[in-house]
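Okay, structure first, notes after.
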Amino acid sequence: MPSTPDDRDPCRLYLITPPRLDDVAAFADRLAETLDAGDVACLQIRLKDADDDTVRRTVDALRPVAQARDVAVLLNDDPRLAAETGCDGAHVGQDDTPYGAAREILGEDAIIGVTCHDSRHLAIDAADAGADYVAFGAFFPTGTKIPKTRAEPDLLAWWSTMTTVPCVAIGGITVDNAGPLVAAGADFLAVVGGVWDHPDGPAAAVRAFNALLSAARP
């Protein structure tokens with residue numbers, strides 16, 4: 001259904017883990033401090049080149065920290081492991097488990113988001129299928145992964161007038177460059193390095209993002 005900016009909830013922070021965690025126990029403590037610094041809607045656990053056992057151990061360490069603070073936990077790429085490890089849902093890319101199969105694995109109550117790059121067509125298809133959110137990007141250069149596409153803020157503006165299905169902006173987002181994405185209509189800002197690599201630490205980054213998002217609210 002069409003929507004207007006006033007219909008949408010305020011933009012919130014969507015936190016993604018670094019792609020590699022050498023000391024999961026230490027990171028769990030760091031995560032707790034980071035989440036206690038301000039509002040975070042979601043934690044996506046996204047590990048690069050990790051085997052299933054490593055993912056299980058990581059989820060077992062991080063999921064209770066986030067869920068105890070009412071932060072939803074999503075696992076990247078693998079709905080089966082997401083269900084097995086008690087996550088609240090999964091995020092799937094265009095080359096991962098298709099949305100329909102992910103929904104069958106996780107059930108109707110799970111949160112499932114879909115990567116849509118810079119494609120309006122992919123986003124409409126995902127929303128029509130029932131995705132809980134669509135993710136657009138990359139909006140800025142990022143060192144986390146090599147982006148397949150470059151998205152522009154007008155894509156968020158178009159989406160926010162087309163549907164009430166939330167959209168996530170991702171890709172190189174920092175406190176310094178996030179403002180135009182919020183103004184364009186992003187419902188969530190997915191951030192990796194902009195939090196974990198912040199010069200004053202991740203807790204300071206969360207506070208700064210929350211200040212930015214609060215200032216943008218009508």
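Readers should treat all values here as calculations from the given coordinates under stated rules, not as data from a laboratory. Everything numeric here is computed off the predicted structure, so don't read it as measured data. Quick reminder, even Gly has a Cβ in these numbers, built from the backbone with ideal geometry, and neighbours come from all protein chains shown.
Computed from backbone phi with θ = phi - 60° and the Karplus coefficients 6.51, -1.76 and 1.60, the 3J(HN,Hα) list for the range 19-36 is x, 9, 10, 6, 10, 5, 4, 5, 5, 4, 5, 5, 4, 4, 4, 5, 5, 6 Hz; x is used for glycine and proline. Largest mean-square fluctuation among 22, 96, 52, in a Gaussian network model of the chain whose springs join Cα atoms under 10 Å apart, belongs to 22. Overall shape of the range 139-201 was characterised from the C-alpha gyration tensor. The equivalent ellipsoid obtained from it has semi-axes of 22, 13, 9 Å, in decreasing order.
Dipole orientation for the chain: of the candidates 10, 26, 113, 10 has the Cα lying most toward the positive pole (charges on Cβ; Lys, Arg +1; Asp, Glu -1). Placing a pseudo-label 7 Å from each Cα along the Cα-to-Cβ vector at residue 211 and residue 53 gives an inter-label distance of 4.5 nm. Relative to the current alpha-carbon distance between residue 128 and residue 150, full extension at 0.36 nm per residue lengthens the span by 5.6 nm. Couplings 3J(HN,Hα) of the range 175-183, computed from phi: 4, 6, 10, 6, x, x, 6, 5, 5 Hz, in residue order, whole Hz [Karplus 6.51 cos²θ - 1.76 cosθ + 1.60, θ = phi - 60°; x for Gly and Pro].
What percentage of all Cα-Cα pairs in the range 1-73 are separated by more than 14 Å?
Details: 1626 of 2628 pairs.
Across the range 1-73, Cα pairs with separations above 14 Å total 62 percent.
Other residues lying with their Cβ under 14 Å from the Cβ of residue 158 contribute a combined charge of -2, Lys and Arg counting +1, Asp and Glu -1.
3J(HN,Hα) along the range 49-65, derived from phi through the Karplus expression 6.51 cos²θ - 1.76 cosθ + 1.60 where θ = phi - 60°, amounts to 6, 9, 7, 4, 5, 5, 4, 4, 4, 5, 4, 4, 7, 9, 4, x, 4 Hz, with x in place of Gly and Pro.
Here the mean projected area of the convex hull built on the C-alpha positions of the range 5-216 is 10.6 nm².
When the Gaussian network model of the chain links Cα atoms closer than 10 Å, the mean-square fluctuations of 105, 173, 45 top out at 105. Taking amide hydrogens as placed 1.01 Å from N in the peptide plane, the amide H of residue 111 sits under 5 Å from those of 89, 90, each at least 5 positions away in sequence or on another chain. At q = 0.12, 0.15, 0.24, 0.29 Å⁻¹, what log₁₀ I(q)/I(0) does the range 60-121 have when each alpha carbon counts as one equal point scatterer in the Debye sum? So the normalised log intensities work out to -0.29, -0.44, -0.94, -1.18.
Note: the range 29-138, Cα convex hull, 111 Å³ per residue.
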